[in-house]
Amino acid sequence: MKIILLAISVIFPLLVGTQIYSQDVVQNPSASTPSPPPIIATEQEVRQFFDQYVGRYTKMDLEGFLRLFSLKARQNQEDGPREIRMIYADLFDRSKSLQISLEDMKIDIYENGVETKARYTVNQVLKEGGEKKAWKGDIRWILVREEGNLQILSVDYHHSIPPEGVARRQPEAKEEPAKSAVMKQEILPIPLANEEEVKQFFSKYINRYNQKDLDGFLSFFSSKAVQNGKDGFAAIRNIYTKFFNQSRELRCQIEEMKIEIYQNSLDVKARFRVDQRLKKEGEEKIWKGSIRWVLVEENGNLKISSLDYQNDKSP
C-alpha cells in the first residue's frame, strides 16, 4: 500500500524581489501595527478536511476520496494523479474493511498552503481469506486551495514498521541474537542523506547564489521543481535571471536550519536574510523571512523539488 506524503510544498525562491504567490507580505513601513498576512484556512477548516479524508477512506469511497486531491497531486514524490487512482482503486477493491486513524496531528498554516503532520494507523481486512494487516508510521500532507476548496497537493509517508499480518499467528521460534539483529537492520528505512551532506548542499547553494552564478545555482534544482506552488523550471530560470542581472552584489545568509530526513525526501526549514545592492544607483535592499525546501534524489544527486518562502516585510 502506498499512502501519500508532502510533496509542500509551501514554496519560496531564494529570493527574488518580485511579488510571490506564496507568502510575500507587503507591509506599510509607516504603520505602527502592521496587519498579519492572511492565511489560507483556519485550523477548524483543516480538521474538518481531515474528518472527510478519514471518513471517505474508511468507507472506501474512491471517487469521494480522490476529490480531496489536487489534479497536480504527487504521492511520495513520484506518483501523479493517475497512479494515485490506480493505487487506491486496488487497495479499496481488495479490502473487506479499512480503518485509518490519525494521532499527534500538527498543523502549520501559511498564506498559500497548509502543512500537516501526523502519526497514522491503518487496519485492513482483506476480502480474500479475511486476512488482517496493519500499517503504522508518519505521514505529511501539503494542502492548497483550488476553486475555493482545500486540496492535497502532496503527501508523503514513512513506515515505522513494514506491513504485517495481525490475524492469529503461530508462536515464532526464538532467534539467535545475531540473526535477529540482522533482520532488524534489513527492515530499517534507509535515509536519503545524512545531515552533513545536506549542510554541504546548502553551503554550495549559497555560494553559487552569492556569486550570481545562474547555471550553477539552477543545477541544484530538479527539472520538475516548483516554486511557490506555481512556477516551473522555466519560470524559475526567468525569475533568477532577472534578479541576478539587476544586482551588483548579493549576500545570502541562512540561520536556524532545521532538517528532517526521510527515506525518499528531505524537508529543510530556515530563516533567511538577503542583502542586495542594485546596479541602478547602488540602492540597497534587505529581504528577511522564513524559507522551506523539499529535496529529493535524482541520478544520485540531491535536487530541490520545491521551495517556498515568506517575507517578514517588504524591503
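The values are calculated or read from the model by the stated rules, or taken from the named source; none is laboratory data. Remember, it's a predicted structure, so these values are computed and weren't measured experimentally. Neighbour counts run over all protein chains shown; Cβ positions are idealised from the backbone, glycine included.
Taking into account only those residues within region 258-286 that are hydrophobic (A, V, I, L, M, F, W, C), out of contact with any Cys (no Cβ under 7 Å at 6 or more places or on another chain) and at pLDDT 90 or above, which is farthest from E115 (Cα to Cα)?
Residues of region 258-286 hydrophobic (A, V, I, L, M, F, W, C): 259, 261, 266, 268, 270, 272, 274, 278, 286.
Cutting the leftovers down to out of contact with any Cys (no Cβ under 7 Å at 6 or more places or on another chain) gives us 259, 261, 266, 268, 270, 278, 286.
Keeping just the survivors that are at pLDDT 90 or above gives 268, 270, 278, 286.
Values: V268: 13, A270: 15, L278: 35, I286: 27 Å.
In this case the residue turns out to be L278.
Kindly provide the set of residues from region 93-146 that are hydrophobic (A, V, I, L, M, F, W, C) and under 19 Å from the mean Cα position of the chain (by Cα), ordered by number. Before you say what the answer is, go through the steps one by one.
Initial filter on region 93-146 (hydrophobic (A, V, I, L, M, F, W, C)): 98, 100, 102, 105, 107, 109, 114, 118, 122, 125-126, 134-135, 139, 141-144.
Answer for region 93-146, where residues must be hydrophobic (A, V, I, L, M, F, W, C) and under 19 Å from the mean Cα position of the chain (by Cα): L102, M105, I107, I109, V114, A118, I139, W141, I142, L143, V144.
Looking at the structure I just gave you, is R94 of a type in the set (K, R), under 18 Å from R56 (Cβ atoms) and at pLDDT below 95?
Yes: the conditions hold for R94.
When residues of region 155-165 are filtered for being surrounded by 22 or more Cβ atoms within 10 Å (Cβ to Cβ) and either modelled with pLDDT of 90 or more or β-branched (V, I, T) (or both), how many remain?
1
Specify the residue that is modelled with the highest pLDDT; the eligible residues are those in region 228-248 that are touching a Ser or Thr at 6+ places or on another chain (Cβ under 7 Å) and closer than 25 Å to E283 by Cβ.
This residue is I239.
Looking only at residues that are closer than 25 Å to D138 by Cβ and out of contact with any Leu (no Cβ under 9 Å at 6 or more places or on another chain) in region 272-300, which one is surrounded by the fewest Cβ atoms within 10 Å (Cβ to Cβ)?
E298
Could you say whether any residue in region 304-314 is on the phi < 0 side of the Ramachandran plot, more than 24 Å from the chain's Cα centre (by Cα), surrounded by 16 or more Cβ atoms within 10 Å (Cβ to Cβ) and acidic (D, E)?
No, because not a single residue in region 304-314 is on the phi < 0 side of the Ramachandran plot, more than 24 Å from the chain's Cα centre (by Cα), surrounded by 16 or more Cβ atoms within 10 Å (Cβ to Cβ) and acidic (D, E).
Can you name the residue in region 65-83 that is more than 16 Å from G229 (Cα to Cα) and basic (K, R) and, of all such residues, is modelled with the highest pLDDT?
The first filter runs over region 65-83 and keeps only residues more than 16 Å from G229 (Cα to Cα), leaving 65-68, 76, 78-79, 81-83.
So of that shortlist, the ones also basic (K, R) come out as 67, 82.
Numbers: R67: 95, R82: 91.
Once the filter is applied, the top-ranked residue is R67.
Are any of the residues in region 114-128 at positive phi and either of a type outside the set (S, T, Y) or modelled with pLDDT of 90 or more (or both)?
There is no residue in region 114-128 that is at positive phi and either of a type outside the set (S, T, Y) or modelled with pLDDT of 90 or more (or both).
What number of residues within region 256-269 are surrounded by fewer than 19 Cβ atoms within 10 Å (Cβ to Cβ) and outside any loop (DSSP other than H, G, I, E, B)?
Count: 7.
Collect the residues in region 79-92 that are in contact (Cβ under 8 Å) with a residue 12 or more places away in the chain and not aliphatic (A, V, I, L, M), keeping them in residue-number order.
If the condition is that a residue be in contact (Cβ under 8 Å) with a residue 12 or more places away in the chain and not aliphatic (A, V, I, L, M), then D79, P81, R85, Y88, F92 are the ones that fit.
Any idea how many residues of region 273-286 are over 20 Å from K258 (Cβ atoms) and in contact (Cβ under 8 Å) with a residue 24 or more places away in the chain?
Within region 273-286, residues that are over 20 Å from K258 (Cβ atoms) and in contact (Cβ under 8 Å) with a residue 24 or more places away in the chain number 9.
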